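The values are calculated or read from the model by the stated rules, or taken from the named source; none is laboratory data. As the structure is a computational prediction, the values presented were derived from the model and not from experiment. Glycine gets a Cβ as well: all are built from the backbone with ideal geometry, and neighbour counts include every protein chain shown. Heads up: the accessible areas ignore ligands, DNA and RNA and are worked out on the full protein's heavy atoms, side chains in. Shrake-Rupley method; radii C 1.70, N 1.55, O 1.52, S 1.80 Å.
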Amino acid sequence: MPEVLLKLKDSLDKWGLIELQGMVECPSSMALQGAHIGDLHIDKTGTPQLVIGHHILTGKIQKLDKPFGVMTRSADDHWNVSAVIHEKYIFKTRPKPIIQKNKPED
Amino acid sequence: MIIDDVDNGESLKEAVKLRCEEANLDNLNNTQVLYFDQNFGNNDVRLIELSPELLEKLKEETQFVLRGEGSEDAVLCTSDKTYAVKECTTSNSLLLIPDLSTEVTPSDELTCKSVSTTNFVYYELKLCRAKLDKLRTVLNRSAYRGEENEVADQGHKCTTEDLLGIIQASQQELRGGLDELGAIEYNGYWRVIEHDYKTSAMSRILTLLEEKAWSWERVPLIATCRTLEELQPCFVTELCLRLYGNQVESEQAMEETVDSEGDEVYMKLVEDKVCRFYGEYILSSTAGKFNLSEFMEVWQDSLPEGMTAALVHLRGLALVNRTSVPHLITYLPANDLPNNPAERFSYLFSQQDRWHHDDIIPYLEDLIGPGQTVNALLLKHCRSTTDQKTKKKVYNSKMRS
C-alpha cells in the first residue's frame, strides 16, 4: 500500500474562506460555473457586508483557533497544502431583504 | 483580478454601485465581486485543521504521511506522532476562494474573486496511540528459526519501508515498537527471533558463561558469538545479548592504543531481564500452575551467581494466588491477551474473579493511548471495592450479577 503524502508547498498561495449559513442551491453545479454570486464589501465601520441577490448579510472577520490547511491534489496522486487560512468571513445573522427604492418620476 | 480595463471596469463598477444604492448601502470599500469559478463542481479542494504546533511541524518537516489500508481509518503521521483523521461535517457552507482579501483599511479598489469549491466537510486531527498491534503479528510471520527456513520465509520478510506501508505509525513510533519487540535489522529486514529458538539461543549463551566462568557483568560479545557460531548465527547471539544486556562503556579501550582486546565489546547482562527470562522459561515449560515456594526455589537455582529472583521480575507474566493453600503461581503473559479492552477484562476475570489493583495494572498498561489512564479503564470496565485488610482497591467484573 503506497504512502500518500501531504506536502507543504514551497511558496504558499493565499486563499480565503467565507462561512455562510445554509447552502447556495442550484439544480446542477454546471449552471453555477462562472455565475455571479454577490458583492463583498467592507463598510465604514470595518464590518463586512455581503450583498447576494436581494439580500444583505452583515458579518465579521473571525480569527481561526485552528488554522485550516487548504489541500489540493498534486500531480502524482499526493496532496499539497497550498495555503493556510488564519481567519474567515462569517455571516451568521439573518439576511436583510433589500427593498427596492422607488424611482422618482420624471 | 483587478478591473482596470476601462470599459469592463467601468460597467462593472457601475453595476456594483447600482446594487449598493438599491441596498441602501453607502460608504462601501474594498469591494470583492464574487463568482463561481469556471470549473466549479469539478475542483477537489479540502480543508484540514492544523493547530499552530502542527503547522510549525509541517514547516520543519515539509511533509506528513497519510497511512491506512482498505477498511482502516486513515491516520496522519509526522516524524514522531500519529493522529487519527476525522471527517467533520458543518451545517454551514464554507466557500473557498483564492486570493480573498481580509483587508479592512478602506480602499476604492474593486476586484473579482472566484469560489473554487463549497465545502461542508473538513478534517480534524486527533493525537492517538500508534497502531502497533499488527507489528508483532507481521514480524512473527518471518520470525527467525534457523538458516534452513530462511529461503521459505523470504516472502514474509519486511524492510522499514514495507513496515511503514502496513503499520499506521510514525517512523519514530515504529522504531520504538521494533525496539520493544526486540527486533533487529538483519540483511535489511526487520526480524524477531522465534520464541523457542530464542530460548534455546539464550540458554546456550548462559551455559557458555558458566562453562567459561565469564562474569555476567562482563560478557565478551564477539568471543561469545564466535564460540557459538556453529550452533547459532552471530546476529542471533548478538540480538540476545543486546536484548538481555547493555553494552559496557569501556574507558580503558579509549586510553590503550594497542591491545589484544581492543576490538572486543563487553556486555553487562541486566539482572531483571535474565531473572525474567529464566522465570518465564520455567513457568512456560509446563502448562498450568506451580506451587509458589517450589517454583521460587527452582527459579533461584537456575540463575547465575549474584542474581536474586523476585516476583516483581515476572510482572505481566505471572499471576500469584495467595488465597489458595498452598500458594500458587500461574503463567499468564500479557502479550497473549486480547488487544481490545472489553475482551481483555473479560479474559482477566475468567482467570480470577477478584483482582488487586497492583496485580491488574501490569495487564492493562499496553492498552493506554495518549491522554488515557489505567484508572479510567478500570472505572469503565470494573466494579471496585476496598479490601478491608490492605485498604487497597479490589476489582470485579461489571458483568457479574
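Just a few scattered comments:
- Mean Cα-pair separation over length for chain B, i.e. relative contact order, pairs under 8 Å, 6 or more apart, %: 10
- Taking the C-alpha atoms only, the angle from helix B:195-212 to the longest principal axis of chain B is near 50 degrees.
- Tilt relative to chain B, helix B:341-351 - C-alpha long axis, 0 to 90 degrees, to 10: 20
- The string of couplings for the range B:19-32 from the Karplus curve (6.51, -1.76, 1.60, θ = phi - 60°) is 4, 5, 5, 4, 7, 6, 10, 9, 6, 9, 10, 6, 5, 10 Hz, one whole number per residue in order, with x for Gly and Pro.
- Residue (of B:68, B:120, A:55) at the positive-pole extreme of the protein assembly as shown, dipole from beta-carbon charges: A:55
- For the protein assembly as shown, with all protein chains in place and a probe radius of 1.4 Å, 48% of the accessible heavy-atom surface sits on carbon or sulfur.
- Kirkwood-based Rg to Rh ratio, the protein assembly as shown, C-alpha trace: 1.17
- Between the helical axis of B:271-285 and the longest alpha-carbon principal axis of chain B there is an angle of about 80 degrees.
- Accessible surface buried at the B:A interface totals approximately 5700 Å², computed with a 1.4 Å probe on protein heavy atoms.
- Potential lengthening between residue B:61 and residue B:335 on full extension [0.36 nm per residue; Cα-Cα distance subtracted]: 95.2 nm
- In sequence order, calculated HN-Hα J values of the range B:162-174 (Karplus, 6.51, -1.76, 1.60; Hz; x Gly/Pro): 4, 5, 5, x, 10, 9, 7, 8, 6, 4, 5, 5, 4
- Residue B:123 contributes about 40 Å² of solvent-accessible surface, heavy atoms of the protein only, 1.4 Å probe.
- Note on chain B: helix-only mean residue ellipticity at 222 nm, from DSSP H runs of 4+ residues weighted -39500 (n - 2.57) and normalised by residue number, equals -11000 deg cm²/dmol.
- Note that the range B:350-391 presents 64 Å² accessible area per residue, ligands and nucleic acids not counted, probe 1.4 Å.
- Prolate is the label for chain B. Its Cα gyration tensor axes, ordered a ≥ b ≥ c, give a/c of at least 1.5 and a/b above b/c.
- For the peptide B:43-56, the mean number of other protein chain Cβ atoms found within 10 angstrom of a residue's Cβ is 5.
- Pairs of Cα atoms nearer than 8 Å and 6+ residues apart set the relative contact order; for the range B:4-92 it is 12 percent.
- Most mobile listed residue (B:270, B:236, B:16) in chain B, GNM with C-alpha springs under 10 Å: B:16
- Note on B:370-378: average number of Cβ atoms from other chains within 10 Å of each residue's Cβ is 0.
- Solvent accessible area, Å² - residue B:104, 1.4 Å probe, full protein context: 70
- Alpha carbon centroid spacing (whole Å) that separates the range B:5-58 from the range B:297-327: 74
- Database remark: amide H of residue B:110 closer than 5 angstrom to the amide H of B:3 (H placed geometrically; neighbours at sequence offset of 5 or more, or on other chains; Pro and chain starts carry no H).
- The DSSP beta bridges internal to the protein assembly as shown are antiparallel in roughly 85% of cases.
- With DNA, RNA and ligands ignored, accessible area of residue B:216 (1.4 Å probe; Å², nearest 10): 30
- Listed by chain and number, the lysines placed with their C-alpha closer than 16 angstrom to that of residue A:9 are B:57, B:59; residues fewer than eight positions away on the same chain are left out.
- Set of lysines near residue B:393 by C-alpha distance (under 18 Å), chain-local residues within fewer than 8 positions excluded: B:380
- Taking 4.7 Å between beta carbons as the limit, the unpaired Cys residues of chain B are B:20, B:77, B:88, B:112, B:128, B:158, B:240, B:275, B:382.
- GNM result for chain B, Cα springs below 10 Å: residue of B:77, B:128, B:112 fluctuating most strongly: B:112
- Relative compactness, the range B:276-401, computed as alpha-carbon Rg over 2.2 N^0.38 Å: 1.13
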